[in-house]
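Below: the structure, in structure tokens.
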Amino acid sequence: MGPLSTLVEEPDDIVVDCMKEVSEDETIIPVFVAADSTTGGGVSVLNREVRYVRLETHAPLTEGAWLFEPSVRDRYARRLIWPTVNVTVDKGEVMTAFKVPLVNPSPKRQWVKQWTLVGHVTKLEKDDVVSMAAMETYEDFVSERKVVDVNNPEEMAAHVKEVQAIMKENVGVKLTPGQMERLMALFAKHAANIGTVKGKAPPVSEVGKAKPFRINTGVAEPVGQRMYRRSPRAKREIDKHIQLMERDGIVEPSESAWSSPVVLAMKKDGSTRFCVNYRKLNEVTVKDRYPLPRIDEILAQLGGQAYFTSFDMSAGYWSIPIAKEDRGKTAFISHRGLKQFTVMPFGLTNAPAAYQRAMDCVLAGLVGVSCLAYVDDVIIFSSGFENHLKDIDDVLSRLG
């Protein structure tokens, strides 16, 4: 592949960030769409088709585990579904290309130009293949949340209109006026459980409804790590995050013998992401072997279906409380002292499996029949419009 700057027609902020990352961090590598051998140019995905697309990396991937995270989901919304994919490079090998399954749920053929920048691959540590994938922090959740009082008729009426407007804008197939009216009536029925912006629901006050999350460390002795040295600016950032979580009861003071250090990760917009390095805790945690669904099998089940509706379970992790006897194991150390989580945080090795199990239990009898769930993403599928209305109603009734 040629220099990064020659592969993109208009180097925008994302591309500039990529170039900086390549020069400074060999564990974050941009990914592009490779040439299609049948067309000699970009990639064509037929309507209702699942197609494996070859992607090329800007630099070789070395031995180990990598995570591909697409950055173009908004650009191709309602036209192409881009999955997050784990990529493994065997010992002694290098990799410069890999394939991902693309789904075209729209009624028209979709085209992606050759050398389109579609995301990054990030080098992962041993226990981080799933648990360290980029997910929203509590600050993301609160900053983007819009609180609606379901007991206030005026607020709810405005919320219903907002939900319907957003849903109508995101309908990717042509419906008759009668079909659209029935679909909007269905979304109005479930408006209290639908957020029109990311992070609006479920409210944090509803934690405790899910089965408590357990952290089984067997007979392992508590692992206590020292906090990292921090600059005054970094301390101010940590203060901001902890104060916010303490205010809402997400964290509480701790007297635990366990402690893990706080990590501040820089996001692309220049702000910081509050993380806890749970690697030592994960090493002694008995692994939950509950399986996550295979992406390729999920996509295969969607073949032949005509209607699709997808939902993201916003702030889902925050809806699962940690068992009181295990809260101390989530303790993290900073200049503000020792704190511990009351709800399931990101970064724990068993968190994805626990959330997947919770979703499978909630949607029992529907998974594989009318919907599929991959951690906090749910897709509803049907062969006809009438069935799809019923399937949406069934799923939203369970999730509410």
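Quick notes
- 1.4 Å probe accessible area per residue over the range 49-129, in Å²: 51
- Probing with 1.4 Å while keeping every protein chain in the model, the per residue accessible area of the range 282-366 equals 39 Å².
- Percent accessible area from carbon and sulfur atoms, the range 220-332, protein chains only, probe 1.4 Å: 50
- In the structure shown, the pairs Lys240/Lys287; Lys123/Lys324; Lys287/Lys324; Lys123/Lys211; Lys91/Lys329; Lys91/Lys280 are assessed against 30 Å; a Cα-Cα span above that value is assigned to Lys240/Lys287; Lys123/Lys324; Lys123/Lys211; Lys91/Lys329.
- Once the Cα-Cα distance is subtracted from the 0.36 nm per residue extended length, the Leu46 to Gln179 segment shows a gain of 45.4 nm.
The values are calculated or read from the model by the stated rules, or taken from the named source; none is laboratory data. All of these numbers come straight from a predicted model, not from anything done at the bench. SASA here: full protein model, heavy atoms, side chains in, ligands and nucleic acids out. Shrake-Rupley method; radii C 1.70, N 1.55, O 1.52, S 1.80 Å.
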